[in-house]
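Peer 1: Below is the structure I would like to discuss, written out as structure tokens.
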Amino acid sequence: MLRQDLGTRAETVGSLLRPQEVLDAVQRDSGSRAEILDSAVLDAVKLQRDAGLDIITDGEMRRLSFAQTPYFLDCFERRPGGADLNWRGGTGPATTPAGAGLVIGSEQPTHPVVVRRVADAHRTGNMAAEYAFLARHAGGTRTKYALAAPSFHRRYWSAEHSTQAYRSCEEFLTEIRDYEREIVEQVAALGCDYVQLDAPNYGTLCDADYRARFERDGRDVHAEIAFDADLDNSLFDGIGNVTRALHICRGNAPGGKWNATGGYGAVSGELFPRLDFDRLLLEYDTDRAGTFAPLADARPGTVVVLGLLTTKSGELEDADEVAARIAEAATIKPLAELALSTQCGFASVANGNPLTPAQQQDKLRLVVTVARRIWGSEPT
């Protein structure tokens, strides 16, 4: 059942640029680590509140990656091969931190894969714990918590290495769903009423080259879409009074790189009607995203958050052009069921995209400026 959430019009996806001292602190265990990270979260809160966003995050300052699971469960090990993502665009090599995903540029890239059962894994920390600090210091501004969707964890499955632990990838994903439901229950108990699942796996399926590769490998993409959508929906079973959001990404690596292209029309007809979410955050910052026509496939009542401001470069969009694109989208999806955000996080992994803190601030302020012009002055 959809939870009406029409007052939240201006938001950002999650991560913010991390200062070097934060990057150093998050990777070490020292006496000053907690103080440095707490201070960084407070700065992130101030930045977002000053910009006027309707909902804020902690900037993911305590993370090395948007995908946290391999850091908190010891059932993953790095093995050669893995996700084999084709990073393109941007500048410099695309690397992701240990545990987060594929490392590109080495002779034999490795990737974390599941090799032991999630249910039997040792937990090396509590994924929900970071939210408690944000909840205490948000100053009355609404907050959200983001985590990688259960379906995203297909990228940690290996037919070679994972089958000694599980009979199928779907069995693994179901245990991941159960683990993540515990996390959502915990943040909800702390007062969080907006949970966002990050699902670049669906964005990858918009890319014809990836789909062809998956089919050559014997994967039934249509069956996977049906299973994964139901799996992600079911994460929220039994959890009430929480806005359920899903962000469909096309990859966000250091240097402004991306790994998938193609419009949402490649998946929207079979995916969007299955998604029982209150909000869909979709990336529309480049021509690679295609047209707004797939918005017609979203369920009536689901708010589509248009990611029209790129986080991959510092060039500031023109407010009139952004407003015009919202008007164009409103010819497909009612304006009352639209909202505005940046396209993705500013730093989905440890090292962020190539823009300055001042440019990041300008982007956040522009989101708010345009949203207030279109929808009015106050969230409800």
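Peer 1: Within the range 1-16, take every residue that is more than 15 Å from the chain's Cα centre (by Cα) and modelled with pLDDT of 90 or more and give me the one that is nearest to Asn233 (Cα to Cα). Working first, answer last.
Peer 2: Initial filter on the range 1-16 (more than 15 Å from the chain's Cα centre (by Cα)): 1-10.
Then keep just the ones that are modelled with pLDDT of 90 or more; that gives 8-10.
Working: Thr8: 21, Arg9: 23, Ala10: 24 Å.
Within the range 1-16, the match that is nearest to Asn233 (Cα to Cα) is Thr8.
Peer 1: So which residues in the range 191-205 are in contact with a Phe, Trp or Tyr (Cβ under 6 Å, 6 or more places away or on another chain), more than 17 Å from Ser65 (Cα to Cα) and not β-branched (Val, Ile, Thr)?
Peer 2: Cys192
Peer 1: Any idea which residue in the range 32-48 is most open to solvent (accessible area, probe 1.4 Å), counting only those that are among the polar types (S, T, N, Q) and within 16 Å of Ala138 (Cβ to Cβ)?
Peer 2: Going through the qualifying residues, I end up with Ser39.
Peer 1: Among the residues in the range 299-313, are any surrounded by 21 or more Cβ atoms within 10 Å (Cβ to Cβ) and in a helix (DSSP H, G or I)?
Peer 2: Scanning the range 299-313 turns up no residue that is surrounded by 21 or more Cβ atoms within 10 Å (Cβ to Cβ) and in a helix (DSSP H, G or I).
Every residue, every condition in (1) within 21 Å of Gly251 (Cβ to Cβ); (2) touching a Cys at 6+ places or on another chain (Cβ under 8 Å); (3) modelled with pLDDT of 95 or more, yes or no:
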| position | (1), (2), (3) |
| --- | --- |
| His153 | yes, no, yes |
| Glu170 | no, no, yes |
| Glu175 | no, no, yes |
| Glu180 | no, no, yes |
| Ala188 | no, no, yes |
| Ala199 | yes, yes, yes |
| Tyr210 | yes, no, no |
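Peer 1: When the residues of the range 331-365 are filtered to those that are β-branched (Val, Ile, Thr) and not in a loop (DSSP other than H, G, I, E, B), which remaining residue is modelled with the lowest pLDDT?
Peer 2: Initial filter on the range 331-365 (β-branched (Val, Ile, Thr)): 331-332, 342, 349, 356.
Now drop any that are not not in a loop (DSSP other than H, G, I, E, B), which leaves 342, 349.
Values: Thr342: 96, Val349: 84.
The selected residue is Val349.
Peer 1: Here is a further query. Checking Ser65 against (1) open to solvent by 10 Å² or more (accessible area, probe 1.4 Å); (2) farther than 18 Å from Phe133 by Cα, which test does it fail?
Peer 2: Looking at each condition in turn, Ser65 falls short on (1).
Peer 1: Cβ-Cβ distance below 6 Å, separation of 6 or more or different chains: which pairs start in the range 308-323 with a residue that is acidic (Asp, Glu) and end on one that is open to solvent by less than 10 Å² (accessible area, probe 1.4 Å)?
Peer 2: Correct list of pairs: Glu317/Leu309.
Peer 1: Where residues in the range 68-79 are open to solvent by less than 10 Å² (accessible area, probe 1.4 Å) and not in a loop (DSSP other than H, G, I, E, B), which of them is nearest to Glu180 (Cα to Cα)?
Peer 2: This residue is Thr69.
Peer 1: Checking the condition open to solvent by 60 Å² or more (accessible area, probe 1.4 Å), touching a Phe, Trp or Tyr at 6+ places or on another chain (Cβ under 7 Å) and assigned to a helix (DSSP H, G or I), which residue from Glu328, Glu321 passes? Spell out how you get there, then give the answer.
Peer 2: Numbers: Glu321 fails: touching a Phe, Trp or Tyr at 6+ places or on another chain (Cβ under 7 Å).
Only one candidate passes the filter, namely Glu328.
Peer 1: Continuing with the same structure: If we keep just the residues of the range 174-203 that are acidic (Asp, Glu) and under 16 Å from the mean Cα position of the chain (by Cα), which is surrounded by the most Cβ atoms within 10 Å (Cβ to Cβ)? Can you show your working first?
Peer 2: Residues of the range 174-203 that are acidic (Asp, Glu), as a first pass: 175, 178, 180, 182, 185, 193, 198.
Checking the rest, the ones that are also under 16 Å from the mean Cα position of the chain (by Cα) come to 180, 198.
Values: Glu180: 23, Asp198: 25.
Result: Asp198.
The values are calculated or read from the model by the stated rules, or taken from the named source; none is laboratory data. Keep in mind that this is a model prediction, so the values were computed, not measured. Cβ: placed from backbone, ideal geometry, glycine included. Neighbour counts: every protein chain shown. Keep in mind that these areas ignore ligands, DNA and RNA; they rest on the heavy atoms of the full protein, side chains included. Shrake-Rupley method; radii C 1.70, N 1.55, O 1.52, S 1.80 Å.
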